[in-house]
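Comments concern the structure below.
The values are calculated or read from the model by the stated rules, or taken from the named source; none is laboratory data. What you are looking at is a predicted structure, and each value in this text was computed from that prediction instead of being measured. Here the Cβ is made from the backbone with ideal geometry for all residues, glycine too, and neighbour counts use every protein chain on show.
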Amino acid sequence: PDSDGLYAVNEWRWKDADRRDWAAFLQGGWSPAASNPVLGYIGAGVRIQGLNATRPADVLTLGVAQARLNSLPSETVIEAVYSLQLARHLYLQPDIQHIQNPGGESGHQWVAGLRVHIEH
């Protein structure tokens, strides 16, 4: 089936008095009801780098997102991610999410993940 829609993202960046890097983001999307199971999406969050002065490359990201589903309750996700720089090209990234109405089903779920990122 045909599928179409719109998606937009915006990000704002700044430094605070302690020289920490901050970013806030807002994202959203829309699709016609007839062709997609997701009618709309909105997400927002904040990212902070340099929270700990002894670990200036570490990054904390907090976000919330909601997907409006076709004929089902909306799914909402609250997420926290922390990126630890272990070595110059090696990062460890734990992630935890709380999902309300996963897949449009009533209830909630917790999801945790761990990612290893190697740059070359």
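Residues considered: S83, S71. Of these, the only one that is hydroxyl-bearing (S, T, Y) and either under 22 Å from R20 (Cα atoms) or at pLDDT 95 or above (or both) is S83. Among the residues of the range 8-25 satisfying the criterion of being basic (K, R) and not in a loop (DSSP other than H, G, I, E, B), which is nearest to Y41 (Cα to Cα)? Result: R13. Could you grab me the full set of residues in the range 71-91 that are outside any strand (DSSP E or B) and either closer than 23 Å to S35 by Cβ or of a type in the set (F, W, Y) (or both)? Result: S71, L72, P73, S74. Restricting to the range 71-120, give me the number of residues that are within 16 Å of G43 (Cβ to Cβ), of a type in the set (G, A, S) and more than 12 Å from the chain's Cα centre (by Cα). Looking only at that region, the number is 1. The residues listed here are R13, R47, R68; of these, the one that is surrounded by fewer than 12 Cβ atoms within 10 Å (Cβ to Cβ), within 19 Å of the chain's Cα centre (by Cα) and of a type outside the set (G, A, S) is R13. Of all residue pairs spaced 6 or more apart or on separate chains, those with beta-carbon atoms under 8 Å, a first member in the range 84-98 that is without any contact (Cβ under 8 Å) to a residue 12 or more places away in the chain and of a type outside the set (V, I, T) and a second member that is surrounded by 13 or more Cβ atoms within 10 Å (Cβ to Cβ) and in a strand (DSSP E or B) are L86/L92.
Of the residues making up the range 34-49, those that are over 19 Å from S83 (Cβ atoms), not in a loop (DSSP other than H, G, I, E, B) and not small (G, A, S) are V38, L39, Y41, I42. Filtered by the rule that a residue be of a type in the set (A, V, I, L, M, F, W, C) and more than 30 Å from L86 (Cα to Cα), the range 10-33 gives W30, A33. For the residues W110, W22, W12, the requirement of being in contact with a His (Cβ under 7 Å, 6 or more places away or on another chain) and touching a residue at least 12 places away in the same chain (Cβ under 8 Å) singles out W110.
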